[in-house]
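What follows draws every value from the coordinates through simple rules; no lab data is involved. Because the structure is a prediction, the values reported are computed rather than measured. Note that each Cβ is placed from the backbone with ideal geometry, even for glycine, and that neighbours are counted across all protein chains shown.
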Amino acid sequence: MARAGRRRSGGARTERSAGHRRPPRPSEKGLIPVLAEVAREVDSAVQRPGTRPAVRTKFQVVALLVREERARVMAEAGTTDAERAKQLKRLDGVATMLARTAARDTSLLALLAEDARVTDSARAFKATVMRAGGLEPPEEPEPTPPATPPPGADTRVVPRSVIARQLANPFLAPDFEAAAERMPARTGRLAGWELLEPLFRSFEYAGAGAPACMELPEPRSVPALRDRDLMPHQARLVAAAAGGHRTFLLADEPGLGKTAQALLAAQAADAYPLLVVAPNVVKANWAHEVHLWTPQRRSTVVHGDGERVDGFADVVIVNYELLDRHVGWLGDLGFRGMVVDEAHFIKNKSSQRSQHVLALSQRIRERAARPLLMALTGTPLINDIEDFRAIWQLLGWIDDTAPLGPLQAALEETGLTPADPGFYAAARASVIDLGIVRRRKVDVVADIPARRVADLPVELDGAAGRSIRAAEAALSRRLVERYRSALEFRAGDAVVDGIDEALVRRVAAAELKDSSSPAGGENVFTLVRRIGQAKAGLAADYAAQLARNVGKVVFFAKHLDVMDEAEQTFADRGIRYVSIRGDQTAKAREKSITAFTEDPDVSIAVCSLMAAGVGLNLQVASNLVLAELSWTDAEQTQAIDRIHRIGQSEPVTAWRIIAAQTIDARIAELIDSKSGLAARALDGADDEDVPSSASVQLEALVRQLTDALAAEGVG
């Protein structure tokens, strides 16, 4: 009993304040054995539920001393390489033990942060451990008041999978080659000159015909892509990245494949992990394009607090609105590349959005040597030449006061000053050569098809998205119940192994017939209608971006409520639009058409797919948005033909908004698969029937039921 009492007493002593406890005395002398002993004690304590404050203090002290001892060993003169390697190996062993401990209690990771608070008891215990290891602790400086946390710091989060990635390599070090590449203080001929203002002005003074695009190499070294063909203008930018160029202001017009160019440039530069910052409406499309162009790379999309983030992904995609919550861990993940889509969103440097993006860019440039940095925008200038400022700073070409690195060197090499007449042309050329790439559709018309449909997947978030997914699940359950009920009434010999495809089609046909009844309740038609309503705001948002980038845009929708929401979005943003609907008089309709085609301030025509799908000439635009899907390719084609007609001087792009991971995506695939059939039938093949809307509806239900049965393990 006395022995047991002494054991409990000893246990109580191990839980006393760390500042009043003697560190263990290992048989081997030196600091490293003491650190290893304390680390083992901490690991043992963390295995019991509830990590006490004293244990957390010990963990932090050991981590601090491991870092300091590593730095001391590396800098110590008179130590042989063999001895230094031996000591570093022992320190790595202690560090590995700490990582294993933190894996058991991830809250300990906060103690490893650079700004983690070191308490008085931690300082006292640190001094005790150092003395036990034969070192004299330095005098502590006077305490400084705590720094004010940055705005939004209290809302920041770190996803679990990101913590797991950090644990996999908890002592990730920056690439200090980046620091070696920084330019020293300006000491050359231009040292006393104000240069940013002349640089901005150089783009205003450019004469007609002045180049607006850097010289790009021929794409001889671009790797072949399986089942995908790069257009020549795309391949040239990728070749530049493969050749070592690392900063791009990619200002191609929409429809020329900026997303593909950025992803393949990242692959050519091996710029992984890659951070993509994009507007919310195109976030899902970036993930889709990663799979399409670089299928060997994994992407992850950040939503909300990041519960579903894959911390080990090659490409991390986040929208501007979430940066305030995630900017902390994004800055520490070790990105080697960054792409900012719709980069004109950061033109206001005083905005929190701009500050977060610029801070992430600076963090990447500090940690990685020659990272890939790309700003994508169809409109590099919104109001005036000063809109360049934030984008150039993002790319590392300038800071708040002066040119940086290669730009400063290029300006020195011109041999000119702002007082010389030729300075502005030379300065403009110096900036363009850093990576400004601007091509218009008319510049590369030979590279691109005269007409194409580009799908833009969007994700339906919030209550509307949850409701639609629940309704789609209910539709699948009803189809499965019909299928199983039909199986029960079959004779034994009529039952087939796996999924009975003939029965699936009969069940789908019965569902379609019931759905056509006015009293059918929730069905495939109402589901598609609700999806169209949920997409309305996202489609309008993308149309507004297009209008800002390329000018006039035609917006097509099937239902009036979708048109109403789109028009409200445009009105809220100060975008002038006209409306073309079936309930208009002929005079009102003609007035809207004239305003769109002749008034340069009218940017968008909001059109009813049924009322404006025929008989209109809107070729003043070369981009249109299909906010809702048709049931046939013919309806879709009629809408596109409003702008792809005689008199159209530019290639036409139809942006089709698709609700990802819903029946909307299945319908889009079916329309595309049947478009070739329709073309053959219209060309006169007697054995083919033009597909009807009913056939697409039936096939959509067939796929819905087949997928639901497969998910249940049937077949």
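If you put +1 on each Lys and Arg Cβ and -1 on each Asp and Glu Cβ, how big is the dipole of segment 297-440 around its Cα centre, in Debye rounded to 20? Walk me through the numbers on the way to the answer.
Details: 17 positive and 19 negative charges, 83 e Å.
Dipole size: approximately 400 debye.
Once Lys and Arg get +1 and Asp and Glu get -1 on their Cβ, which of T662, Q648, I575 lies farthest toward the positive end of the dipole of segment 537-691?
Among T662, Q648, I575, the one farthest towards the positive end of the dipole of segment 537-691 is I575.
How would you order 474-485, 422-433, 236-247 from highest to lowest mean count of nearby Cβ atoms within 10 Å?
236-247, 422-433, 474-485
For G334, enumerate residues with amide H under 5 Å from its amide H, sequence gap 5+ or separate chain, H modeled in the peptide plane.
For G334, whose amide H was placed from the backbone, there are no distant partners under 5 Å.
What's the center-to-center distance, using Cα atoms, between segment 366-432 and segment 586-631 in Å?
40 Å
Lys and Arg at +1, Asp and Glu at -1: add these up for the other residues within a Cβ distance under 15 Å of D443 and post the number.
So the environment of D443 carries a net charge of +1.
Measure off 7 Å from each Cα along the Cα-to-Cβ vector at D461 and L487, then give the distance between these two points in nanometres to one decimal.
4.0 nm
Toward the positive end of the charge dipole of segment 537-691, about the Cα centre and with charges on Cβ (Lys, Arg +1; Asp, Glu -1), which of A566, A634, A595 goes farthest?
Checking the options against the dipole of segment 537-691, the answer is A595.
For a protection proxy built on the mean count of beta-carbon atoms within 10 angstrom, sort 294-303, 528-537 highest first, please.
Ranking, from highest mean packing down: 528-537, 294-303.
Neighbouring Cβ atoms within 10 Å as the yardstick, rank T101, T379 fewest first.
On the way: T101 23, T379 17.
In order of increasing Cβ crowding within 10 Å: T379, T101.
In terms of modelled amide H atoms, which long-range or inter-chain residues lie less than 5 Å from the amide H of D252?
Here the answer is T377, R439, since their amide H atoms fall under 5 Å of that of D252.
Taking H placed 1.01 Å from N in the peptide plane, check which residues at least 5 places from A454 or on another chain put their amide H under 5 Å from its amide H.
Placed amide hydrogens put A654, W655, R656 under 5 Å from A454.
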